[in-house]
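This report refers to the structure that appears directly beneath it.
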């Protein structure tokens, strides 16, 4: 287990799925954790279960991000760990894509992630670790994932440039790119029924869906001093899905 004793961490979208698992792992490793989410009841429930602090914030709204940053700085100080996890997945063919769907995905997955990173940079502690949650979809070419994949591929590009820009402050920035995991986001994307999951698992060499805690352990490692020479890297955690052409 990594040692994060005395570290302050903030996780966006920390009330469910991989964000929740990451919060649980960081707390077990000694960190003080703040989780955010858009749904007040879900955030409060998750925070109580985890022993974390819950703050309500819509990561697709820049004004809300700036309010969150100000509140964290005033009440908690400088974060040592920032996990930018909030995101959504919506499927559509390119032909059938709507502006509404495009905006929903890009506003949260790209604009929201970008400005969360941007606005938190001034209050991050020197030597902090930032983990952006991307997706194996950025490395694959599956039908009906064009908008989602584009949002995550853009995050990977942002991560590399941010790693260069923030290296003088010894701030490390990396991406974790999950493949198919048994999380709430699959249900929201409409791919949670057994038949669909069977098709997905058929394309995963490891023969199963990922468990959120597996991603949580990777995030905890990247947040720790054990990863002190790792920055600008993308970590695929997908059971081999992206190499199964």
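The values are calculated or read from the model by the stated rules, or taken from the named source; none is laboratory data. Note that the coordinates shown come from a computational prediction; the quantities given were computed from them, not determined experimentally. Positions of Cβ are generated from backbone atoms using ideal geometry, with glycine treated the same way; all protein chains shown enter the neighbour counts.
Just a few scattered comments:
- Scanning region 1-19 for residues that are within 19 Å of residue 175 (Cβ to Cβ) and touching a strand residue (DSSP E or B) at 6+ places or on another chain (Cβ under 9 Å) yields a total of 9.
- Lone qualifier among 111, 78 - being surrounded by fewer than 18 Cβ atoms within 10 Å (Cβ to Cβ), in contact with a helix residue (DSSP H, G or I) (Cβ under 8 Å, 6 or more places away or on another chain) and under 20 Å from residue 14 (Cβ atoms): 78
- Any chance residue 72 is under 28 Å from residue 180 (Cα atoms), in contact with a strand residue (DSSP E or B) (Cβ under 7 Å, 6 or more places away or on another chain), in contact (Cβ under 8 Å) with a residue 12 or more places away in the chain and not in a loop (DSSP other than H, G, I, E, B): no
- Residue pairs meeting the criteria (Cβ under 7 Å; at least 6 apart or on separate chains; first without any contact (Cβ under 8 Å) to a residue 60 or more places away in the chain, in region 113-127; second assigned to a helix (DSSP H, G or I) and surrounded by fewer than 18 Cβ atoms within 10 Å (Cβ to Cβ)): 115/62; 119/66; 123/73; 126/169
- Out of 44, 95, one residue alone is without any contact (Cβ under 8 Å) to a residue 24 or more places away in the chain and within 22 Å of residue 145 (Cα to Cα). It is 95.
- Matching residues in region 81-95 - criterion: being in a loop (DSSP other than H, G, I, E, B), at pLDDT 95 or above and touching a helix residue (DSSP H, G or I) at 6+ places or on another chain (Cβ under 9 Å): 85, 93, 94
- Residue among 36, 53, 67, 12 that alone is farther than 23 Å from residue 134 by Cα and touching a helix residue (DSSP H, G or I) at 6+ places or on another chain (Cβ under 7 Å): 53
- Count of residues meeting criterion [over 14 Å from residue 83 (Cβ atoms), part of a helix (DSSP H, G or I) and at pLDDT below 95] in region 1-50: 0
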